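Quick note: the coordinates plus some simple rules give every number you see, no bench work behind them. Computed from a prediction, not measured in an experiment: that's the story for all the values here. A quick note on method: Cβ atoms are made from the backbone with ideal geometry, for glycine too, and the neighbour counts reach across all protein chains shown.
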Amino acid sequence: MNVRIKSNDVDIDEAKFLRGPGKRSNGLMQAIRVFWEMISGFRTLHFVGPCVTVFGSARIPEGHAFYEKGRAVGAALANVGFTVMTGGGPGVMEAANRGAQEAGGKSVGCGIQLPMEQGRNSYISTWKNFRYFFVRKVMLIKYSFGFVVLPGGLGTLDEIFETLTLIQTGKISNFPVVLVGSDFWNPILEFLRNNLVEGGYITEHDVARLVVTDNPEEAADIIHQIASSQFGVEYGKRRKPRLLLWERG
């Protein structure tokens, strides 16, 4: 049976991709686009690391306490040798990229095409825009040795819980996940413990993976120590890109 769904949404590629079976030829073209977007992302980001990804709200304006905290996080991560990677938009993402750039560090943005375009912030040295949310999330996780999460909305919660699921299931290593902003995060941790741990849906170990702090320098130090001691991250001469593989330095 051929089903057609009417939608008033902006007809971007990912919406088409997730709108049911469609024509087989369209499915093939979507698969090719996804493959090419993956390859393009790999070639752009292969030499940017070692990275730490900072997640957080796009709606927090400059001058807000969480914006300034994100800026301090970006600077602290850059000061211990990490490239700061974000979703490349405004708010906390802009703040973290800005802090990294002001500290003389590398600043990466992985943007996303949306009907309500977020736009690229002004503090990014390496930029890659994506059509597909799931490809973008692969890139934000693939190149990172740790994650710092500031307050945010549904997108931020999606990113943190997907990251935790990948760690829990062994799909990625047990990279540190640091939550900055105790007043915001502690009620969520209480919910996890009182409902999911007590109900037997997850274990206390799953929650204990999360480190909560209000100190940006402490967040950077935790990730730096774990990255160097457990994952052997070293800061030395970077490999050169190969033009024949479309790699960018």
Residue among V135, L192, T203 farthest towards the positive dipole end of the chain, charges placed on Cβ: V135
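Which length gain, in nm to one decimal place, applies between S173 and L28 when the Cα-Cα distance is subtracted from 0.36 nm times their residue separation?
Working: separation 145, 0.36 × 145 = 52.20 nm, distance 3.25 nm.
Fully extending the segment from S173 to L28 adds 49.0 nm.
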Cα Rg, Dmax, the chain, angstrom units: 18.9, 59
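Sort 85-91, 103-109 by the packing proxy (mean of other Cβ within 10 Å over each peptide's residues), most packed first. Kindly include the intermediate steps, with their values, before the conclusion.
On the way: 85-91: 27.1, 103-109: 20.0.
So the order, starting with the most tightly packed, is 85-91, 103-109.
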Surrounding net charge for P216, when Lys and Arg each add one and Asp and Glu each subtract one, Cβ distance under 14 Å: -3
Gain upon complete extension [W127, N215; 0.36 nm per residue less C-alpha separation]: 28.9 nm
Label-point separation in nm, S40 to A208, each point 7 Å along Cα→Cβ: 4.5 nm
